[in-house]
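See structure below.
The values are calculated or read from the model by the stated rules, or taken from the named source; none is laboratory data. As the structure is a prediction and not an experimental result, all values here were calculated from the model. Cβ atoms come from the backbone with ideal geometry, glycine included; neighbour counts cover every protein chain shown. Side chains included, ligands, DNA and RNA excluded: accessible areas come from the protein's heavy atoms. Shrake-Rupley method; radii C 1.70, N 1.55, O 1.52, S 1.80 Å.
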Amino acid sequence: MTNKPRKATASAQSIMRIFTVPEAPESTLSKIEHALSEDLAGFLTQNIVALEKPLSAIEEDFQAHEIPAEPTFVSDYTEEMMQNLVAHSVHTAAPSFIGHMTSAMPYFVLPLSKMMVGLNQNLVKIETSKAFTPLERQVLGMMHHLVYGADAHFYQQWMHSANHSLGAFCSGGTVANITALWIARNQLLKADGDFPGVGSAGLMAALRHYGWQDLAILVSERGHYSLGKAADLLGIGRQNIVTIPTDANNKVDVAKMREKAASLTAAGIRIMAIVGVAGTTETGNIDPLPQLADLAAEYQCHFHVDGAWGGASLMSSKYRYLLAGIERADSVTIDAHKQLYAPMGAGMVLFRDPTLARAIIHHAEYILRRGSKDLGSQTLEGSRPGMAMLVHACLNIIGHHGYEILINNSLEKARFFAGLIKQHGDFELISEPELCLLTYRYVPQRVQQALTAAIAQHDWDKVNRINALLNELTLLIQKSQREQGKSFVSRTRLQPARYQRQTVTVLRVVLANPLTTEQILRDVLTEEQQLAARQPELLQRLLATC
Ligand SMILES: *Cc1c(COP(=O)(O)O)cnc(C)c1O
């Protein structure tokens, strides 16, 4: 289809039809709907086809700056979008797309999301989401139970209680983390005598009232960038996210955090929160949560655990122990759109204490009235879709045991891949998978031997020269693999202890897609080896350095 979309002329009558008349069964849109519901994976594979088109060329298709004056026929518009948009989308559900935290979704999510959009409930208030509000509260209750495991009486009492929340549902981990730190801030700088609390008086008045120079949030250097956004928004300042080095396993060094907490406190700076990461974005490691909980108790500050990605691993009774201590957190972030297999736009923050969210409670006259069960009085976002329904569907249809199988498979697949990398003469595993995320790079065997020898001789200059060339090579491999479009791994930069914290570029893999097979993983390595062989000049220089 290269025809230009036909233009109609808007009339009162034709515009009204958009809201009332359904598509004819033979229309393009109906055919697409049918194809989508028959075989989503097939639809994606058949229609995401134009891998080689550069972004700048795609931008030209989205260049017009005026809203089209007159209506376009639905079929024409849809056909145009199949070519301009769908064809150039990223096939995030492909089993060989193993570089990010997105995965294939269970088939039932698609028809249910259509129903959700059709119902168009607004979760900000009961008046527009009568049954969806209790459903969302139940989802939060189930996730709260997964993390904190309180007894039946607890959930009986709090799950549907007005002015209490077991958590907040939101668009993702970023908003979840902001919400947690917002609560931590308001809890610390609460009303006191004549002082009305930071929410009313602002940060400067609050610090004056409490007599502190400043506030600080302590987190590992592997903390997610959303914490910086939160600190910025909350007036705490990005600089006051104090990052603490990690050990050789990418876990925060608690002794160093304790020293830092002491020196900040001595300088009149109040520790507002300690954030533990349960599954870092770059390496998938889990901080020592029990020790962080102890430290937070010592400093009487809020303890938040960012389990946006890793929190779902709690579903596995086999591997749950890896997150031990998470139940001591005041708040925990978990994204359902990562390892719970819900579509994008489903984040949660859970509160151990159901009264915690009172720190941010907000009332208005026409909605969110005092004593109402409107969720919007205790959430950052206002109007919000019924995404909780899709999480509810996943929790019910997959079930705890189903998730356990999925999570165990992901973790074991990551261990299998780590084994492949270690056995392979020309690859180096950089970070072991604690959950289902690992990093590695292509290093020809001779170069590996040279690196090992140079490290033994403490020849850090030489190690540095080799790493610099390897960084170039890793970058080229990752880029060309992405452009080739057969498979996708991501890349990041780490400072491994083995290389005395020299920065190395690494390939990063997240193995959450249940459809990724062991053969695909073998093929990914073979492809990377072939891509490396296409850089003879760089390989030559590399070998010359050895
Ligand atoms: C993904 C992630 C976030 C941010 O979540 P979004 O859903 O992208 O907003 C925060 N923390 C960690 C550890 C994450 O992996």
Q.
Suppose the filter is in a helix (DSSP H, G or I), out of contact with any Pro (no Cβ under 8 Å at 6 or more places or on another chain) and open to solvent by 10 Å² or more (accessible area, probe 1.4 Å); does Q530 pass it?
A. yes
Q. Restricting attention to region 492-504, does a residue exist that is free of Cβ contacts under 8 Å to residues at least 60 places away in the same chain and part of a helix (DSSP H, G or I)?
A. yes
Q) In this structure, is L123 assigned to a loop (DSSP other than H, G, I, E, B) and within 25 Å of L314 (Cβ to Cβ)? A) yes
Q | region 3-28, residues that are open to solvent by 50 Å² or more (accessible area, probe 1.4 Å) and in a helix (DSSP H, G or I) | A | A12, Q13, I15, M16, R17, I18, F19, T20
Q) Only one residue in R238, R320, R258, R328 is at pLDDT 95 or above, assigned by TED's automatic domain parsing to the domain that holds A184 and within 16 Å of the ligand (Cβ to nearest atom), so which one is that? A) R238
(Q) Condition (residue is touching a residue at least 40 places away in the same chain (Cβ under 8 Å), under 24 Å from C394 (Cα atoms), open to solvent by 20 Å² or more (accessible area, probe 1.4 Å) and in the same structural domain as I241 (by TED's automatic domain parsing)) applied to region 139-151: is it met by at least one residue? (A) no
Q. If only one of G276, G310 is open to solvent by less than 10 Å² (accessible area, probe 1.4 Å), under 14 Å from the mean Cα position of the chain (by Cα) and either within 16 Å of the ligand (Cβ to nearest atom) or touching a residue at least 60 places away in the same chain (Cβ under 8 Å) (or both), which one is it?
A. G310
Q. From the residues in region 261-273 that are under 23 Å from S331 (Cβ atoms) and away from the ligand (no atom under 16 Å from the Cβ), which one is nearest to the chain's Cα centre (by Cα)?
A. M272
Q: Tell me which residues, restricted to region 321-352, are within 30 Å of L112 (Cα to Cα), open to solvent by 10 Å² or more (accessible area, probe 1.4 Å) and not in a loop (DSSP other than H, G, I, E, B).
A: none
Q: Please enumerate the residues belonging to region 533-546 that are among the charged types (D, E, K, R), assigned to a helix (DSSP H, G or I) and either closer than 16 Å to F427 by Cα or in contact (Cβ under 8 Å) with a residue 12 or more places away in the chain (or both).
A: R541
